[in-house]
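All of the numbers you see were taken from the coordinates with simple rules; none came from a lab. This structure is a prediction, so every number in the text was calculated from the model and none was measured. We place every Cβ from the backbone using ideal geometry, glycine too, and count neighbours over all the protein chains shown.
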Amino acid sequence: MAEPSSFHLTHHHDDGRLRLERWRQNVGAPVALDLAGATGADSRSIVVLSWNVWIGRGRLTEVISRLRDGEFGRHGADPDLPLIVLVQEAFRSDSSVPPVPSGQAGRVLVAGLGPQEDIVETAKLLGLSLRYAPSMRNSVARSDRGNAILSSLPLEEAHAFELPLVLQRRVAVSATVSLGGAKLRLVSAHLDPRGRPGHRWLGAAGRELQARHLLSSVTDDTVVLGADLNLGRGRYERAWRLLGEAGFSFGVPPTLPRWRHTFHALPRLILDYVLIRDRRGSIREGRVHRLDEHPRDRGPRVFGSDHHPLLARIDLHPIS
């Protein structure tokens, strides 16, 4: 199936051995849906939700509906503000996915652990624009998973780009929105959790390679990046330092997470981030909060996922 004309996918050069091609042939087509109106485009503030939904098991429709109902207002999530959702491990099942697997696929080690929300159906139900790019097939099932951007504002200049192959195929998704006369670049990305067996198994070198390519592909001055960075060695990793050197910070003004984990399974680690680059000084404030389903952060899952959602409110400076 041909790719939507409004959503271009850039393949990564894979040193001539066609390793990525075996992953590409096993997934469906990218998806571009333009369902949002321009309501809120004159706002100078925006709410951003970033979440690894664990191959669609996170109850994304529920969390977005609760945001719209004002349940997370204590975190600055005004339901009247435009909403952006940056999704990792989004699930999709449709006829564009080959009926019979014929190449590389991601493992599904958690089959039978609950229903999976289809990201396309979620966008249609909630009336949000969508850009979705599959990274890998879900084992033998006729479905795939990847990164996505949902938006209550029109999405423009959208493209997806493959990251260097380390363990599994990874495809980042990017688009822009217009907010109060300013252009904001949005990126949803997911780095590999580890490398191939051997001395690079912990994956730090691979994540550095993927971070370098991501940064070379995103050159805008004002960027919001929602990502599962999979920093198994924490902020000591070179990938984290590269992001900082490229102008990305956790919040505006820069700070560090107050929580000790975003991955809710074991080992509990901080893997998920909302990072902001503000080269032009357009952003007055950007605050990030972790959402907890249980007030004491208990229970086996968080809204159905093994990752906590992160919620940010970003305020631009008033127009002088």
The stretch 220-275 versus the stretch 41-56: alpha-carbon centroid distance in Å
16
Counting Lys +1, Arg +1, Asp -1, Glu -1, what net charge surrounds PRO79 among other residues with beta carbon under 11 Å of its beta carbon?
-2
Burial order of peptide ranges 270-283, 246-259 (average beta-carbon count within 10 Å, highest first)
270-283, 246-259
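Taking the DSSP beta bridges in the chain as the whole, what percent of them are antiparallel, to the nearest 5?
75
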Sorted by chain and then number, the residues having a modelled amide H within less than 5 Å of the amide H of LEU271, at least 5 places away or on another chain, are THR262, PHE263
If you average over every viewing direction, what projected area does the convex hull of the Cα atoms of the stretch 5-73 give, in nm²?
8.0
Karplus ³J(HN,Hα) for the stretch 75-84 (6.51 cos²θ - 1.76 cosθ + 1.60, θ = phi - 60°; Hz, whole; x = Gly/Pro) runs 9, x, 7, 5, x, 7, 7, x, 10, 10
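Using the Cβ atoms and a cut-off under 13 Å, what net charge is assigned to the surroundings of LEU242, where Lys and Arg are +1 and Asp and Glu are -1?
Residues close to LEU242 contribute a combined charge of +3.
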Give the angle, between 0 and 90 degrees and rounded to the nearest 10, that separates the Cα long axis of helix 204-217 from the longest principal axis of the Cα atoms of the chain.
60
Using a 10 Å cut-off on Cβ atoms, rank the peptides 163-169, 95-101 from the highest mean neighbour count down.
163-169, 95-101
